[in-house]
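Undergrad: Next up is a structure, given as C-alpha cells.
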Amino acid sequence: MALTNNTAALILAAGQGKRMRSALPKILHPCCDVPLIAHVVNLALTQQCSPIVVVLSPGSNDIQDYLSKRFAQAPLRFAIQEKPLGTGDAAKAGLKALDHSTLKVLLLYGDVPLLTPQSIDALTDAVAQVAFLTAHVNDPTGYGRVIEKQNRFKIVEDKDCSEDERRVQQVNAGVYLCDLAVLQNAVARLENNNAQNEFYLTDIVALADTATPVAVDFNEVRGVNNQEDLVTVEQIMRQRLVRKHLLNGVRFTSPDTIFVGADVVFGNDVVLGVGVQVYGKTKIADGARIEGPCIIRDSQIGQNARVYGFSHLENAIVGSDCHVGPFARLRPGAKLEEQVRVGNFVEIKNATLGLGSKANHLAYIGDAEVGEQCNIGAGTITCNYDGKNKHRTILRNHVFVGSNSTLVAPVTLEEGSYIAAGSTISHDVPKDALAFGRARQSVREGYAAKLKNK
Ligand code: UD1
Ligand code: MG
C-alpha cells in the first residue's frame, strides 16, 4: 500500500556522529559516492512524502545548501535541533516544521541509508498508531532491542538493556510511521531518565496505545555509526547498484572490481572493464566501452566512444566515436566533439577539440579551441599561463602542428596553417601559411670526424 498524500517525512540528522571520528558530519559521509543523507531524502521522495523535514544541528549551512541544490524540486524543509538531546528531542524539533495538513509522519534516521520502498510499503500495511520496522540480527550490539510483553512492545537501547534483554536479537531500525497527533502527544511525554540521559524517540513505541513491529531483512535497516559500518553498508549498496545495472543490460567484465556511484546513468550495450570507477553525474551513452582501470567523474561519454585504461576524466565531455587513452587525462572543461583521438600522456583542460582532430601522444592542451581535423603532434604544449593570467590558443580547422611545438598564448593559428616541428609560436599564423619558429640548423662538413681524432 502506498502512503497517503498527507504523509510528511521527518529525517533525523542532527548531531556530529562522534563514533565516526571524523571532522565531516556523519550524514555527509559518502556511501556509493552520495552522502548518506541524500539516500534517505531520495527514499522519502520515492514515497511522495510532503513536506520532507530534515532535522539538523545549528551551523549546518553547508548541509542545507547541499540538499537545497541537490533536491531543488523537492518539498524540503529544515528544522534545527538546538542541542543533541537525543532522537526524541530531534523529532520534537522536526514536528515544529509541520502544520495541520499533515496526518501521518514517516520518521527516518539520516544514518540508515539502505532502506527500500518495499520496506516502507510493508510499514504502511500495518494498522497501528505507531508501526515500526525491525529486523532479526545475529549480533544486535549497539541497536535498540524490541522487547515484547503480553502483546505490548517497547524498545530498550543497548546501553539500558538487562542481561536478558541484551540477548534479544530483534532490533529497532529507527523507522516509524505514526499518526501526527499520536506522535505529538508521545513526544511531549518523553523523559530522559536513561543510561544516556537522552530523550529517546524509541519510547514512543511504549507510549502509544497500539504499536506494531514490521520485520524486514536486516540489510535494509543497517545503521552507520562508525567507519566499519559505513564500509559494510557501502558494500551492500554497491552490490545492489551493480545488480541493477547488470539487469538493465550493462556489461561489467569484472563486477567485483568496478565502482559505480549512485547517480551514474548508463545507456544500452555499455561495457565496463576491470577496475573502472565511475562517479558523480556521469552519463555513459549506448555502445561506449570503458577499459579498466579508469577513473571517470561528472563526465559524459558519447555513443560508441572508447576510453582505454589508466585514463582519468573529470568534468569532461567525450563525443561519440572518440578514442581516449590509454593514459589520457581530461580535466574540467575538456570537450571532445565527434571522432576525436586523444592518446597516451595527453592532458586537456578547458579546451574543445573539433570533429576528427587528433592529439595522439604527449601533449598539453589548456584553454584552447581546436577546430576540425587538426593534428597536434607529440610534445605540443599550449603555454597558456604567464604566471598571472591564463590566455587562449585558437586553432582553426585543418591546422597541423608539428611535434615538439610550443604555442605561446594568446595566439591564433588560422585555417590550414602548418607549424614546423620544434617551433615556438608566439605570433598568429595566417591561413594556409607555414610557420617555422626554431633556430636554423647549421652543418659543418667533416667536423665530427675531426673531433673524434682530437
Ligand atoms: C538509534 C535508535 C536505536 C536503533 C538505531 C538504528 C534511539 C534512541 N535509538 O540508535 O533503537 O536501533 O538507531 O540505527 O533512537 N540524531 C539527532 N539528534 C540527536 C541524536 C541523534 O538528530 O540528538 C540523529 C542522528 O543524526 C542519526 C539518528 O538520529 O541520524 C540516529 O542517532 P544515533 O545516535 O545514530 O542513534 P543510534 O545509537 O544508532
Ligand atoms: Mg545510528
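Undergrad: Could you tell me which numbered condition ASP217 fails, if it satisfies all but one of (1) more than 16 Å from ligand 2 (Cβ to nearest atom); (2) among the charged types (D, E, K, R); (3) free of Cβ contacts under 8 Å to residues at least 60 places away in the same chain?
TA: (3)
Undergrad: Out of the stretch 259-318, which residues are on the phi < 0 side of the Ramachandran plot, of a type outside the set (A, V, I, L, M, F, W, C) and under 18 Å from the mean Cα position of the chain (by Cα)?
TA: Selection gives GLY261, ASP263, GLN277, TYR279, LYS281, THR282, LYS283, ARG297, SER299, GLN300, HIS312, GLU314.
Undergrad: Consider LEU272 against the criteria (1) buried (at least 16 other Cβ atoms within 10 Å of the Cβ); (2) within 16 Å of ligand 1 (Cβ to nearest atom): it satisfies all of them except one. Which criterion is unmet?
TA: (2)
Undergrad: Out of ALA378, ALA359, I need the residue that is farther than 23 Å from GLU314 by Cβ and aliphatic (A, V, I, L, M). Which one?
TA: ALA378
Undergrad: In the stretch 121-144, what residues are aliphatic (A, V, I, L, M) and modelled with pLDDT under 95?
TA: ALA122, LEU123, ALA126, VAL127, ALA128
Undergrad: Same structure, new question: State yes or no: is ALA181 over 31 Å from the mean Cα position of the chain (by Cα), small (Gly, Ala, Ser), more than 14 Å from ligand 1 (Cβ to nearest atom) and farther than 23 Å from ALA44 by Cβ?
TA: No; evaluated as a whole, the condition is false for this residue.
Undergrad: GLN184 is checked against (1) over 27 Å from GLU228 (Cβ atoms); (2) of a type outside the set (A, V, I, L, M); (3) touching a helix residue (DSSP H, G or I) at 6+ places or on another chain (Cβ under 8 Å); (4) not in a helix (DSSP H, G or I) and fails just one. What number does that condition carry?
TA: The number of the failed condition is (4).
Undergrad: In addition: Mind counting the residues in the stretch 105-130 that are among the small types (Gly, Ala, Ser) and crowded, with 24+ Cβ neighbours inside 10 Å?
TA: Qualifying residue count for the region: 1.
Undergrad: If THR232 satisfies every condition in (1) within 30 Å of GLN300 (Cβ to Cβ); (2) surrounded by fewer than 17 Cβ atoms within 10 Å (Cβ to Cβ); (3) within 16 Å of ligand 1 (Cβ to nearest atom) but one, which is the exception?
TA: Result: THR232 fails condition (1) only.
Undergrad: Six or more apart or on different chains, Cβ atoms under 6 Å: show the pairs whose first residue is in the stretch 162-174 and in contact (Cβ under 8 Å) with a residue 40 or more places away in the chain and whose second is within 13 Å of ligand 1 (Cβ to nearest atom) and in a loop (DSSP other than H, G, I, E, B).
TA: Pairs that qualify, where the first residue is in contact (Cβ under 8 Å) with a residue 40 or more places away in the chain and the partner is within 13 Å of ligand 1 (Cβ to nearest atom) and in a loop (DSSP other than H, G, I, E, B), are VAL171/VAL137; VAL171/PRO140; VAL171/TYR143; ASN172/GLY144; GLY174/VAL112.
Undergrad: May I ask you to say which residue of LYS335, LYS349 is of a type in the set (D, E, K, R), closer than 17 Å to THR382 by Cα, without any contact (Cβ under 8 Å) to a residue 40 or more places away in the chain and crowded, with 21+ Cβ neighbours inside 10 Å?
TA: The unique qualifying residue is LYS349.
Undergrad: State which residue is farthest from ligand 2 (Cβ to nearest atom) when the search covers only the stretch 108-148 and only residues that are within 17 Å of THR4 (Cα to Cα) and in a loop (DSSP other than H, G, I, E, B).
TA: VAL127
The values are calculated or read from the model by the stated rules, or taken from the named source; none is laboratory data. Treat the numbers as computed from the prediction; the structure is a model and nothing was measured. Please note: Cβ atoms are built from the backbone with ideal geometry, for glycine as well, and neighbour counts cover all protein chains shown.
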